[in-house]
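Colleague: A single structure is presented below for examination.
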Amino acid sequence: MPRTITAYSNPLVKRVQGLRDKRHRREEGLFLAEGLRILTEALETGRVPRFLFFAAASAGHPLVRALIDAVEADYGEAIETTPDILSKLSGKDNPQAVVGVFDMFETTLDALDRAAAPIWLVAERLRDPGNLGTILRTGDAVGAGALILVDECVDPFSTEAVRASMGALFTVPIVRTPWTEFIAWLRQGPGQLVGLSLQTEEGYRDAPYAAPTFLLTGNEAQGLPEDYEAACDLLVKLPMCGKADSLNAAVATAVMAYEVLARHGRG
């Protein structure tokens with residue numbers, strides 16, 4: 001049976017609130033996800049929260065009931081609480097009805113099967129959690145094999161990134177790796193590395209794409225380093241007809257991903 005917590009001073013509330021900090025997430029190996037839709041999608045992929053906080057008013061909802069049952073069946077803990085504490089946990093003034101605490105998970109390059117998908121997303125030194133979450137959503141939408149995060153990217157398990165992913169964090173495999181390890185792995189098998197760059201005349205609609213395509217997006221402010229561009233099999237650019245010199249990283253990735261998908265006969 002769920003227990004009830006209504007005090008801000010409760011040690012578990014303080015512990016879970018601390019997961020909004022990157023250092024605490026690393027120490028605990030846990031992260032926060034909020035919202036009935038995201039937690040339900042997580043459950044559908046087999047991810048069950050270790051702790052589930054829910055508002056008393058939502059306890060009768062069938063999806064909330066399903067989450068409670070799954071958590072308790074998996075020897076986790078379901079906790080009925082107040083909207084104020086949910087707000088404290090999520091950092092939002094208008095909190096969702098449920099907040100879940102999950103074990104961190106990710107995969108490795110060696111565990112990937114590059115034949116499993118025609119398109120793979122690779123991001124280099126992303127800094128904005130909203131961009132990372134949106135790129136995960138794009139990956140889910142186009143059926144990408146994984147999102148490979150190269151070098152020091154923003155934490156995909158940050159509350160902001162998880163929120164922006166709208167559940168795609170649980171459906172798209174994530175790998176974090178240094179560039180040197182990624183490029184060495186890539187060259188061990190088939191795979192075309194396509195970089196988004198302003199330093200080319202090759203338009204994205206004219207380029208010859210080959211499956212599996214690894215689509216590489218650079219840092220929001222600096223783009224790709226020169227040596228990373230030099231390692232690409234193909235550099236392409238998006239046309240900029242206005243005064244702006246580039247698109248948002250997540251938007252550019254989405255445009256490119258759908259073009260590549262169409263070239264592979266799936267769009």
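The values are calculated or read from the model by the stated rules, or taken from the named source; none is laboratory data. Note that the structure is a prediction, hence the values are computed from the model and not measured. Reconstructed Cβ throughout: ideal geometry from the backbone, glycine too, with neighbour counts over all protein chains shown. The accessibility values were calculated without ligands, DNA or RNA, using every heavy atom of the protein model including side chains. Shrake-Rupley method; radii C 1.70, N 1.55, O 1.52, S 1.80 Å.
Colleague: Which of the aspartates and glutamates could a cross-linker bridge to Lys92, judged by Cα under 13 Å and excluding same-chain residues fewer than eight apart?
Modeller: Glu34, Asp84, Glu160
Colleague: Given axes a ≥ b ≥ c from the Cα gyration tensor, I'd like to know whether the range 167-231 is rounded (a/c under 1.5), prolate (a/b larger than b/c) or oblate.
Modeller: Here the range 167-231 falls in the rounded category.
Colleague: So, by mean Cβ neighbours within 10 angstrom, what's the order for 178-186, 215-223, 85-93 with the highest one leading?
Modeller: Working: 178-186: 15.7, 215-223: 19.7, 85-93: 17.4.
The peptides rank, most packed first, as 215-223, 85-93, 178-186.
Colleague: Let me ask another. Based on the Cβ-Cβ distance of Glu72 and Asp233, what FRET efficiency does E = 1/(1 + (r/R0)^6) give at R0 = 41 Å, to the nearest 0.05?
Modeller: With R0 = 41 Å, the Cβ-Cβ based efficiency is 0.20.
Colleague: Would you list which aspartates and glutamates come within 17 Å of Lys237, measuring only between C-alpha atoms, while excluding same-chain residues fewer than 8 positions from it?
Modeller: Straight-distance partners of Lys237: Glu124, Glu201, Glu202, Asp206, Glu220, Glu226, Glu229, Asp245, Glu259.
Colleague: Accessible area per residue for the range 3-103 in Å², computed with a 1.4 Å probe and the full protein assembly in place, what is it?
Modeller: Solvent-accessible surface per residue comes out at 49 Å².
Colleague: Still on this structure, I have one more. Among DSSP beta bridges lying fully in the range 109-265, give the percent that are antiparallel, nearest 5.
Modeller: DSSP beta bridges in the range 109-265 are roughly 5 percent antiparallel.
Colleague: Continuing with this model, one more query. For the range 109-265, what's the relative contact order in percent, using C-alpha pairs closer than 8 Å and at least 6 residues apart?
Modeller: Once divided by the residue count of the range 109-265, the mean separation gives 28 percent.
Colleague: List the relative contact order of the range 1-144 as a percent without decimals, with contacts defined as Cα pairs under 8 Å and 6+ residues apart. Write out the running numbers ahead of the final one.
Modeller: On the way: 178 pairs, mean separation 41.5, N = 144.
Relative contact order here is 29 percent.
Colleague: Just the number, please: percent antiparallel of the DSSP beta bridges in the chain, rounded to the nearest 5.
Modeller: Approximately 25 percent, going by the DSSP bridge assignments.
Colleague: Given contacts defined as C-alpha pairs under 8 Å and at least six residues apart, what's the relative contact order of the range 1-73, whole-number percent?
Modeller: Working: 32 pairs, mean separation 18.5, N = 73.
Relative contact order of the range 1-73: 25 percent.
Colleague: Right, something else. Of the accessible area of the chain, with the probe set at 1.4 angstrom, what percent is carbon plus sulfur? Please list the in-between numbers first.
Modeller: Values: 6050 of 12350 Å².
The nonpolar share, carbon plus sulfur, comes to 49 percent.
Colleague: A further question on this structure: Heavy atoms only, 1.4 Å probe, whole protein assembly: order Lys14, Lys237 by accessible area, highest first.
Modeller: So, going from the largest accessible area down, we get Lys14, Lys237.
Colleague: How far is helix 129-142 tilted, in degrees, relative to the longest principal axis of the Cα atoms in the chain, given as a value from 0 to 90 rounded to the nearest 10?
Modeller: 70 degrees
Colleague: What Kirkwood hydrodynamic radius, in Å, does the chain give when the mean of 1/r is taken over all pairs of distinct Cα atoms and then inverted?
Modeller: 19.7 Å
Colleague: Only bridges with both residues in the range 3-103 count here: give the DSSP antiparallel percent, nearest 5.
Modeller: DSSP beta bridges in the range 3-103 are roughly 55 percent antiparallel.
Colleague: Apply 1/(1 + (r/R0)^6) to the Cβ-Cβ distance of Arg187 and Ala115, taking R0 = 22 Å, and write down the FRET efficiency to the nearest 0.05. Walk me through the numbers on the way to the answer.
Modeller: Values: r = 16 Å, r/R0 = 0.73.
The pair Arg187/Ala115 has a calculated efficiency of 0.85.
Colleague: Another question, then. What's the ranking of 2-9, 22-29, 111-118 by average number of surrounding C-beta atoms within 10 Å, highest first?
Modeller: Averaged packing, sorted descending, gives the order 111-118, 22-29, 2-9.
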